[in-house]
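Values in this text are rule-based calculations from the coordinates and carry no lab data. Values in this document were obtained by computation on a predicted structure and should not be read as measured data. All Cβ positions, even for glycine, are placed from backbone atoms using ideal geometry, and neighbour counts span all protein chains on display.
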Amino acid sequence: MTYLLALLLTLPLYALAEETVAPATVEDKISKALSDERRTEKDTERDANRQPLKTLEFFRLTDDMTVLELLPGGGWYTKILGPVLEDKGKL
């Protein structure tokens, strides 16, 4: 009986608990950046040859890195790296 009473008293606490959402992985952030509206059609056409997801996975990009982009040119990588690093990293 005590067990049942304890269970009934604690169940409402679970209803009040916030739902936890798993943080987005770096791969998810890169994919989201690749579909960002700020990227031009020309940018997306270059994706096929440059394979940004595979390239950034190869370099083991994490969202808390400090990344120095040498000779950014037209900003193709900047438009991808910016959204990925904006919360915890630096570009």
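Give me the one-decimal Kirkwood hydrodynamic radius in Å for the stretch 23-85, with the sum taken over alpha-carbon pairs.
Numbers: mean 1/r = 0.0835 Å⁻¹.
About 12.0 Å for the stretch 23-85.
Which order do the peptides 59-65, 39-45 take when ranked by the mean count of other beta-carbon atoms within 10 Å per residue, highest first?
Values: 59-65: 13.6, 39-45: 12.0.
The packing order, highest mean first, is 59-65, 39-45.
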